[in-house]
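Worksheet for the structure shown next.
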Amino acid sequence: MHAAFRGIRGGVGTTSTVAALGNALQAMGETVLMIDLAPENLLRLHFGIPLADPRGWATELANGGAWDDATREIKPGLHLLPFGQLGRAERSNASHALNTLWEAWPNHLAALSKRYGMILVDLPMSEPAALPLMSECELRITTMEADPASCALLHDLPHRGDCQYLITRFDPLSHLQRDIRLLWQDQLGDAMIQQVVHRDEAIPEALGQKQPVGDYRPQSLAAQDAANLASWCRAWKGAKS
């Protein structure tokens with residue numbers, strides 16, 4: 001199964017969700033590949049890859065190599081393919097890198113699916129070239145915080161008919177967030193994933209320690225959310241197979 005994750009806007013915790021979910025799926029016995037398609041190249045930081053390490057799929061392509069040569073084994077059954085650390089001028093042209101990848105994306109996914117049971121793709125929020133990449137993935141998840149800004153943006157999102165929606169950074173003590181969650185459940189129906197990712201200080205703390213939250217604080221609410229979301233993904237995969 002290949003699943004694409006894209007935030008409705010920046011700052012809703014998409015990358016940390018992908019990191020925690022990938023780690024949780026591996027703990028359940030899945031073979032997992034996480035692919036960072038966001039030029040910010042942040043997914044690697046959840047797994048201890050140094051800031052100064054430039055390798056990634058975009059840098060491999062720029063240097064004439066194979067795009068997946070930069071794949072890293074984080075632990076047995078869990079692999080990561082970073083975006084790569086491009087220079088300032090190269091980074092400003094990230095859409096070109098994504099368009100280059102898009103040309104062979106269906107073939108890439110088909111080949112990778114023979115090696116990995118779960119492929120998680122972290123997509124950039126603002127790059128138009130990310131939309132066709134998302135459309136080729138079997139499971140398409142839009143992450144969004146239960147706030148008025150996300151409510152406004154939800155009306156303008158494409159692909160609403162074939163996406164699933166995941167609430168992140170959820171605070172159950174917030175009356176506003178609870179009300180927005182109820183509104184979205186009514187509006188989105190079965191497209192709304194009932195599992196949420198709660199606001200939890202363990203998530204930024206884990207990033208500070210360069211670890212996924214399930215390794216850093218396995219008893220935390222965030223780690224339990226990731227495990228529950230992993231179980232949901234496996235059930236979705238089973239229902240589609």
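The values are calculated or read from the model by the stated rules, or taken from the named source; none is laboratory data. For clarity, every value in this text was computed on a predicted model and none was experimentally measured. Here the Cβ is made from the backbone with ideal geometry for all residues, glycine too, and neighbour counts use every protein chain on show. Protein only, heavy atoms only, side chains kept; ligands, DNA and RNA dropped before computing areas. Shrake-Rupley method; radii C 1.70, N 1.55, O 1.52, S 1.80 Å.
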Show the residue pairs meeting these rules: Cβ distance below 7 Å; 6+ apart or different chains; first residue within segment 212-241 and under 21 Å from Lys75 (Cβ atoms); second residue among the small types (Gly, Ala, Ser) and open to solvent by 60 Å² or more (accessible area, probe 1.4 Å).
Gly214/Ala27
Report yes if Arg217 is of a type in the set (D, E, K, R) and under 25 Å from His46 (Cα atoms), otherwise no.
yes
If I filter segment 65-80 for residues that are open to solvent by 30 Å² or more (accessible area, probe 1.4 Å), part of a loop (DSSP other than H, G, I, E, B) and either in contact (Cβ under 8 Å) with a residue 60 or more places away in the chain or under 22 Å from Ala130 (Cβ atoms) (or both), do I get at least one hit?
yes
Taking Leu98 and the conditions (1) in a helix (DSSP H, G or I); (2) at pLDDT 90 or above; (3) open to solvent by less than 10 Å² (accessible area, probe 1.4 Å), which numbered condition does it fall short on, given that it satisfies the others?
(2)
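Residues checked against (1) at pLDDT below 95; (2) hydrophobic (A, V, I, L, M, F, W, C):
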position: Glu145; (1), (2): no, no
position: Arg160; (1), (2): yes, no
position: Cys163; (1), (2): yes, yes
position: Gly189; (1), (2): yes, no
position: Ile193; (1), (2): no, yes
position: Glu201; (1), (2): no, no
position: Tyr216; (1), (2): no, no
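I need the full set of residues from segment 24-44 which are closer than 16 Å to Gln85 by Cα and buried (at least 20 other Cβ atoms within 10 Å of the Cβ), in order please.
If the condition is that a residue be closer than 16 Å to Gln85 by Cα and buried (at least 20 other Cβ atoms within 10 Å of the Cβ), then Ile35, Asp36, Leu37, Ala38, Pro39, Asn41, Leu43, Arg44 are the ones that fit.
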Leu21 at pLDDT 95 or above, surrounded by fewer than 23 Cβ atoms within 10 Å (Cβ to Cβ) and in a helix (DSSP H, G or I):
no
